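A short worksheet on the structure shown next.
The values are calculated or read from the model by the stated rules, or taken from the named source; none is laboratory data. These numbers were taken from a predicted model, which means no experiment stands behind them. Here the Cβ positions follow ideal geometry from the backbone for every residue, glycine too, while neighbour counts run over all protein chains shown. These accessible areas exclude ligands, DNA and RNA; they are computed on the full protein's heavy atoms, side chains included. Shrake-Rupley method; radii C 1.70, N 1.55, O 1.52, S 1.80 Å.
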Amino acid sequence: MTDDAATPGKSGAKNNPGNFFEDFRIGQVLAHATPRTVSDGDRALYGALYPSRFALWSSDEFARASGLPRSPLEDLAAFHIAFGKTVPDVSLNAVANLGYAECRFLAPVYPGDTISTASEVIGLKENSNGTTGVVWVRSTAVNQRGAPVLTWARWVMVRKRDAGAPAPQSVVPDLATAVAAADLSIPAGLDFSAYDFAAAGEPHRWGDYTVGERIDHVDGVTIEEAEHMIATRLWQNTAKVHFNVQARDGGRRLIYGGHVISLARALSFNGLANAQCVAAINAGAHAAPCFAGDTIYAWSEVLDKAETAAPGIGALRLRLVAVKDDPTPGPLRGEDGKYAPGVLLDLDLWALTPL
Amino acid sequence: MTDDAATPGKSGAKNNPGNFFEDFRIGQVLAHATPRTVSDGDRALYGALYPSRFALWSSDEFARASGLPRSPLEDLAAFHIAFGKTVPDVSLNAVANLGYAECRFLAPVYPGDTISTASEVIGLKENSNGTTGVVWVRSTAVNQRGAPVLTWARWVMVRKRDAGAPAPQSVVPDLATAVAAADLSIPAGLDFSAYDFAAAGEPHRWGDYTVGERIDHVDGVTIEEAEHMIATRLWQNTAKVHFNVQARDGGRRLIYGGHVISLARALSFNGLANAQCVAAINAGAHAAPCFAGDTIYAWSEVLDKAETAAPGIGALRLRLVAVKDDPTPGPLRGEDGKYAPGVLLDLDLWALTPL
Amino acid sequence: MTDDAATPGKSGAKNNPGNFFEDFRIGQVLAHATPRTVSDGDRALYGALYPSRFALWSSDEFARASGLPRSPLEDLAAFHIAFGKTVPDVSLNAVANLGYAECRFLAPVYPGDTISTASEVIGLKENSNGTTGVVWVRSTAVNQRGAPVLTWARWVMVRKRDAGAPAPQSVVPDLATAVAAADLSIPAGLDFSAYDFAAAGEPHRWGDYTVGERIDHVDGVTIEEAEHMIATRLWQNTAKVHFNVQARDGGRRLIYGGHVISLARALSFNGLANAQCVAAINAGAHAAPCFAGDTIYAWSEVLDKAETAAPGIGALRLRLVAVKDDPTPGPLRGEDGKYAPGVLLDLDLWALTPL
């Protein structure tokens, strides 16, 4: 199909060509398609695809004892669903996903809730090569009552359709390096003052973790093609490279970065079983591509600690690192300052933990 | 196990040998086993196995805005479940599945509904080789209230147990080449007059499609063994060839034709996002076998258009074609009139679309 | 990580090293972590992973006609979930799973129920090598009302952390070779007096089976990596060897024995479609390891029969045998008394069957 045929409104082409760099405007709001109702089926699949054992997400009884009406959809599952909706409009013609910032989890998502996502373009900068540019968007997911459940900023490098299209005025948004602890949103009613450490699986409280401490999560999982595709489809993320061996040179599917995030988070149970909720993602880098056959291990480092106003709840700022094929936690970066070989993911997040 | 031991009532054999050609009689009604209650778990799995994004099936809110009580089970999932029940009685000893006709979707299936299927033998014709014959059945699936949800005709070539068994009188039923538009069943209450095109993902209305138009669905999916087996088991279709590498010469599992149907239908979202419901399947041919490792692409052709009596709803008659390994839509047939190499599926269906 | 660092309370190590042989004491009660709420999502996944067609577990209507409020979670799914909870405390450092006994299914588990498991140490015996010992535990799973749903004894060979630790006094519990028929627990209200044999798929009643009869279940399934991992994660069983190709010499994942149990049970539908409920597991041996690529077949032998006090319900004691790669049922053991090559599983169970 030629570019002309792929342009909506031309030649009768009906399929979606996605947006190119010159299609974005500062202040433009993209209402993404395909609202998605979540169910206990999604919860079961999340648990079947990731070795997750966090009690708040496994047990309605544990959730009720923690002040919630029942166990919600896993926070990262909500993130993947909300994020997936942005792909057809924001990153279908992306060359690279460059980063995340200011991601806050604003309210739990429960089975029966319907998630929709919209994005506002908050930054644009054409690259000097004239064929690509960087687009910054702030995306917000809401439930069926219009209440925001998740917000985040993201920037991607996108191809131009036409290298001759004029460059827009550069606007580079000022994004925080981390969500301030005071801005963390605690789910309404959440209360860890009667927390059951035996049911949760580990005795370690917020006070037992020290800044700079590193935790080896020990366990490893070797990735299979069917598993990452089942997960990625569950999020309705249909980027071709994740599903089609013909879509990339080399004939291998590229694994959705969110799959590595969820795997690493689930592995972090072993040592961080009480880091029950992800309250924010401060930053995230996918340091290297991941393929089927890679064996994923994870380690965490405590970056910061903060108290919260909620009963019995503290916040840990954690660096969660996924590496491949080497079970022995090594350095994050080499002497050259670049990520060490084997590092796949460097995620900076806030987690809620019992005091 | 010898044939004698495999015959029910003989030698105490307890396992099911299936029916052979001479076991069928015109007018015979087969009440198929294993009623099946569907759930949100089935819906989640369908979305995890097929890259489906049709809004009516993704969102309870979209379904309610379209006049339904909530989002039903995907129409093809209902078809696969209803169809799967017929396998142990109709096609356990089949040599080939020859065709479908007159398939109509009569009512949505919701989580909590229980589906049962029965079939009536409507045609029999022994082949001249004396070892096989063609059996035509009309199958009807009902819900727990006895209301029909799906009906279709199907014919298969079945082995004889005993080549010496006398041939029955030949009865070949007269089946329509297509369901008449006036006979399409529209789900009670379905109303597209306030249809949200932005939520659905594409702006194209019924009036935007023209007879003869061809739509390239662009995306491709490479098939994995685990995925087609998980799907096929979900439909309780236990034909050996789909699961057991020892069941066929060549040591490869044959992929259930319904898996290709659902993959092609999900891929057709890209260009036919508003073809929300399958109202009928007029005909279907599995032109070539499909195996793991094949990359499936799809294209559609608009064959016909019809108005309906329902508010805001038109019908598109579509040819949905699945091909393997070639992303460029080519001809359906070669100069010899046979399906072109790489064509896997040629499905003729009616879909409901907003005016 | 050194042993010191891995010891809880030492060096700040936060991850779970599991218990070693010298950590167990007779009478000790282990309250296992991660209560688990089950849902229709789990039911859908069970049906997608195992070719199960038993009507009581497929249809709410069939279950209601049998006196239950709806179709429960499959009995073996409940077993796998309850069992999975014991792994981090009992068998993380196991060398071998040696056996099961006295497993009784005490009450159905329904979607919405939350399962927790606790174990009591009932036996200890150090091996003469001084580096390992056998631990016997009796485990009980309860629902959110504290009602027991499942109980079983199990023994495993566990490594010592420190070969110099003193041997405990040997206590070897006296376990029954089979659950007495009078001790079988029938689900409250279960009534097979109006049993629908057509819906169930086979005509064979309790009275049609004779002690000593052998049933070939005919069908076979070739195992895929993704499928056994999805299943094993669903049970939150995180033993490394099932997921990580680097965790074993030879680079192959070892398949969870419970996966073979559920596969064999599902295959047994063909010939035992009316053996609806597993009421007890008398004994179980995993005769050989199972790997992806193995094709699993099953056969059963009727070991005993018993009446029950429940309406229309009899009990069959069955030996359920899973073998690999050979579709022709052969002898269970060779002339040397050892399991024949290819035998994977020898399971002795009681099943409830209509009279």
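The GluC sites (Glu not before Pro) of the stretch A:253-355 that DSSP puts in a loop, and whose beta carbon has at most 14 other beta carbons within 10 Å, are A:Glu335. For the protein assembly as shown, a simple Cβ point-charge model (Lys and Arg +1, Asp and Glu -1, everything else neutral) yields a dipole of about 280 debye relative to the Cα centre. Assume the label is 7 Å from Cα along Cα to beta carbon: what separations in nm does B:Gly99 have to the matching positions in the other copies? In nanometres, ordered from closest: 6.2, 6.2. Inter-copy label distances at A:Asp162, shortest first and taken from points set 7 Å along Cα to Cβ: 7.8, 7.8 nm.
Of the two radii for the stretch C:168-306, the radius of gyration is 1.02 times the Kirkwood radius, both from the alpha carbons; that is the Rg over Rh value. Accessible-area loss of 10 Å² or more (1.4 Å probe, protein heavy atoms, chain alone versus all protein chains) is found in the stretch A:232-272 for A:Arg233, A:Leu234, A:Gln236, A:Thr238, A:Lys240, A:Phe243, A:Asn244, A:Val245, A:Gln246, A:Arg253, A:Asn270, A:Gly271. Dipole check for the stretch A:8-136: with +1 at the C-beta of Lys and Arg, -1 at the C-beta of Asp and Glu, and the Cα centre as origin, the magnitude is about 160 Debye. Over the protein assembly as shown, dividing the summed -39,500 (n - 2.57) contributions of all DSSP H runs of at least 4 residues by the number of residues returns a 222 nm mean residue ellipticity of -4500 deg cm²/dmol.
Each Cα pair of the stretch C:231-345 feeds into the Kirkwood radius, which the Stokes-Einstein equation turns, at 37 °C and 0.692 mPa s, into a diffusion coefficient of 207 µm²/s.
Once the Kirkwood radius over Cα pairs is known for chain C, the Stokes-Einstein relation at 37 °C and 0.692 mPa s delivers a diffusion coefficient of 156 µm²/s.
If R0 is 30 Å, the Cβ-Cβ spacing of B:Leu355 and A:Arg145 corresponds to a FRET efficiency of close to 0.50. For the stretch C:134-195, dividing the convex hull volume of the Cα atoms by the residue count gives 168 Å³ per residue. With the convex hull drawn over the C-alpha atoms of the protein assembly as shown, the volume per residue is 171 Å³.
Shown for the stretch A:198-226: residues covered by the partner protein chains by 50 Å² or more of accessible area relative to the chain by itself (probe radius 1.4 Å), namely A:Thr222, A:Glu224, A:Ala226. Sorted shortest first, the separations between the A:Glu307 label point and its copies elsewhere in the assembly read 7.2, 7.2 nm; each point sits 7 Å from Cα along the Cα-to-Cβ line. What the protein assembly as shown shows is 34 Å² of accessible area per residue, with the surface traced by a 1.4 Å probe over protein heavy atoms. Taking 26 Å as the limit for the C-alpha separation, the pairs A:Lys85/A:Lys240; B:Lys14/C:Lys338; A:Lys85/C:Lys85; B:Lys85/B:Lys324; A:Lys85/A:Lys324 exceed it in the case of B:Lys14/C:Lys338; A:Lys85/C:Lys85; B:Lys85/B:Lys324; A:Lys85/A:Lys324. Size estimate for the stretch A:190-255 follows the Kirkwood approach: the inverse of mean 1/r over distinct Cα pairs works out to 16.2 Å. Based on alpha-carbon atoms, the Kirkwood radius and the radius of gyration of the stretch B:68-178 give Rg/Rh equal to 1.05.
Express the carbon and sulfur contribution to the solvent-accessible surface of chain C as a percent, rounded to the nearest whole number, probe 1.4 angstrom. Whole-percent figure for carbon plus sulfur exposure: 52.
With the gyration tensor restricted to C-alpha atoms of the stretch A:53-131, the semi-axes of the equivalent ellipsoid amount to 35, 12, 11 Å, longest first. Excluding ligands, DNA and RNA and using a 1.4 Å probe, chains C and A jointly bury around 2900 Å² of accessible surface, summed across both partners.
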